[in-house]
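The values are calculated or read from the model by the stated rules, or taken from the named source; none is laboratory data. Please read these numbers as outputs of a predicted model, since none were measured by experiment. Positions of Cβ are generated from backbone atoms using ideal geometry, with glycine treated the same way; all protein chains shown enter the neighbour counts. Note: accessible area is taken over every heavy atom of the protein model, side chains too, but ligands, DNA and RNA are not part of it. Shrake-Rupley method; radii C 1.70, N 1.55, O 1.52, S 1.80 Å.
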Amino acid sequence: MNKYVAGEKRYESMRYNRCGNSGLMLPAVSIGLWHNFGSNDSYDNMREMLRTAFDAGITHFDLANNYGPVPGAAEENLGRMLKDDFKAYRDELIISTKAGYDMWPGPYGNFGSRKYLIASLDQSLKRMGLDYVDIFYHHRMDPDTPLEETMGALDQIVRSGKALYVGLSNYDGETMLKASNILSELGTPFIINQNKYNILDRTIENNGLKSTAPMAGKGIITFSPLAQGVLTDKYFNGIPEDSRIRRDGRFLHDEDVNEKRMEIVFGLNDIAKQRGQSLAQLALSWILKDSDITSVLIGASRATQITDCIRCIDNTSFSTEELSRIDALSMWIRL
C-alpha cells in the first residue's frame with residue numbers, strides 16, 4: 001500500500017459523544033479488533049479497514065490482550081499499523097485494551113489480581129509499541145480477588161502513566177457501582193463500561209448496568225451490536241462458507257441461526273426497509289437512539305462493511321410504533 005495520508009474531511013460527518021461526565025469524547029461508532037486482526041488474517045485488509053475507519057472519523061480502536069488468534073496478535077498487528085500508517089496521528093486516536101481473560105498459563109494469567117493486570121498491560125504496550133493506552137479495562141468480574149485489589153491496580157496503572165482512563169467490561173450494575181465508589185475515593189478516572197448489547201440481547205437492561213452507569217456519570221460502549229452477524233443480511237440464504245460460523249466457531253454456531261431466529265431477523269429487516277436502512281444500520285441505530293450509550297463497537301471483515309455501518313448515525317430516531325414492533329419481534333429470543 002502507498003503511504004497513508006488521512007482524509008482532510010474525516011471529522012465532518014462523524015458524531016462524537018461525551019463519555020459520561022468526563023472530558024473525553026468518543027465517536028458514536030468505534031471499531032473493535034476482536035476478529036479479523038489475528039495472525040491468520042490479511043495484513044493489507046486490516047490496514048484498509050483501519051484507514052477507512054479513520055478517514056470516516058472513527059478515532060477509537062478497541063482491543064484486548066488476548067484478541068487474535070493467537071492471543072496478542074491483534075495488538076501486534078495494530079502496533080505495526082500504528083508505525084506504518086498512524087504514527088503521525090497518535091494524538092488523534094483513542095487506543096483501548098483490556099485484561100481479565102486467559103492470556104498465559106498458570107495462576108497469574110487471568111482474572112483480576114494486581115500481578116496479572118499490571119503485567120498484562122506492560123506486555124500489551126510492548127506489542128503495540130506504545131508508552132500508554134488511552135483506556136485500560138478490567139475485562140470481567142473476578143469473584144475471588146477483592147474488588148479493592150483490582151481497582152487499586154487500575155489506579156496504580158493510571159498513576160504510572162500507562163493509561164489515561166480506566167474502564168470496566170462485563171460488570172453488572174451492582175458490582176460496577178461498588179467499583180466506582182472505590183475508584184472515586186482513589187481519585188481514579190473511571191469513565192466507561194463496555195458490555196454486550198443488541199436487539200436480541202438485553203442483559204444490561206436486566207442486570208442494572210444500563211440504568212446505574214448514567215446515574216454514576218459513566219459512559220457505556222456496547223459490543224456485539226449485530227449479534228455476531230445475525231443482525232445483518234449475511235444469513236438470509238443460509239450459512240455462507242466465509243461466515244464467522246464456518247471460519248471461527250467459538251462464539252457463533254449453526255443453532256444460532258435457526259428458523260425461529262431467522263423469522264425474527266426477517267421481521268426486523270422489514271422494519272429496516274421501511275426506514276430506508278439496511279438491517280445492520282437498523283441494529284446500530286437502535287442502540288444509538290439512547291443518549292446513555294456513548295459509542296457502539298463494530299467489527300468488520302472488509303472496509304465496505306465499515307462504510308455501510310457508519311451510515312447508522314444518519315437516522316437514530318425511532319417512532320413509538322417502530323420500537324414496539326422491534327420489542328414484540330425480539331421478545332421470544334429474549335425470554
**Report entry** Intensity falloff of region 134-204 expressed as log10 I(q)/I(0), Debye formula with alpha-carbon point scatterers, at q = 0.21, 0.28 Å⁻¹
**Finding:** -0.85, -1.36
Query raised in the report: In square angstrom, rounded to the nearest 10, how much accessible surface does S211 have for a 1.4 Å probe?
Result: 70 Å²
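For region 80-160, what does the alpha-carbon gyration tensor say about shape, rounded, prolate or oblate, given a ≥ b ≥ c as the root eigenvalues, a/c under 1.5 as rounded, and a/b over b/c as prolate?
Numbers: a/c = 2.71, a/b = 1.89, b/c = 1.43.
Since a/c reaches 1.5 and a/b is larger than b/c, the shape of region 80-160 is classed as prolate.
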Query - Reachable aspartates and glutamates, given that their alpha-carbon falls under 17 Å from the alpha-carbon of K260 and they are not under 8 places away in the same chain - result: D201, D233, D270, D327
Query raised in the report: So for the chain, taking the charge dipole from beta-carbon charges (+1 Lys/Arg, -1 Asp/Glu), which of F136, N198, Q228 sits furthest toward the positive end?
Result: F136
Report summary line: Treating only Lys and Arg (+1) and Asp and Glu (-1) as charged, each at its beta carbon, one finds that the chain has a dipole about its Cα centre, in Debye to the nearest 20, of 460 debye
Query raised in the report: So what's region 1-156 giving for Rg/Rh, alpha carbon basis, Kirkwood Rh from the mean inverse pair distance?
Result: 0.99
Query raised in the report: Which whole-number value in Å³ per residue fits the convex hull of the alpha carbons of the chain?
Result: 134 Å³
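For a quick check of your reading of the filter: which chymotrypsin sites (Phe, Trp or Tyr not before Pro) in region 1-36 sit in a DSSP loop and have no more than 15 other Cβ atoms within 10 Å?
Y11
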Report task. Pairs of Cα atoms under 8 Å, at least six residues apart: use those to get the relative contact order of region 60-126, whole percent. Result -> 34 percent
Query raised in the report: What is the distance in Å between the Cα centres of region 1-69 and region 100-150?
Result: 23 Å
Report task. Stick to Cα atoms and the Kirkwood definition of Rh, then tell me Rg/Rh for region 1-50. Result -> 1.07
**Report entry** Percentage of interatomic Cα-Cα distances in region 17-86 larger than 13 Å
**Finding:** 64 percent
Query - Straight-distance crosslink candidates among lysines, where the alpha carbon sits under 16 Å from K83 and sequence neighbours closer than 8 are dropped - result: K3, K126
Report summary line: Expressed per residue, the solvent accessible area of the chain in Å² (1.4 Å probe) is about 44 Å²
Query raised in the report: What Kirkwood radius, in Å to one decimal, follows from the Cα pairs of region 123-168?
Result: 11.2 Å
Report task. Give me the percent of the accessible area of the chain that comes from carbon and sulfur atoms, probe 1.4 Å, all protein chains in place. Result -> 48 percent
**Report entry** Set of lysines near K289 by C-alpha distance (under 17 Å), chain-local residues within fewer than 8 positions excluded
**Finding:** K196, K210
**Report entry** Cut-off of 10 Å, at most 14 other beta carbons, DSSP loop: longest stretch of the chain lacking such GluC sites (Glu not before Pro)
**Finding:** 13-240
Query - Mean projected area (nm²) of the alpha-carbon convex hull when region 91-228 is viewed from all directions - result: 8.8 nm²
Query raised in the report: Summing Lys, Arg as +1 and Asp, Glu as -1, what charge do residues with Cβ under 10 Å from the Cβ of Q156 carry, Q156 excluded?
Result: +2
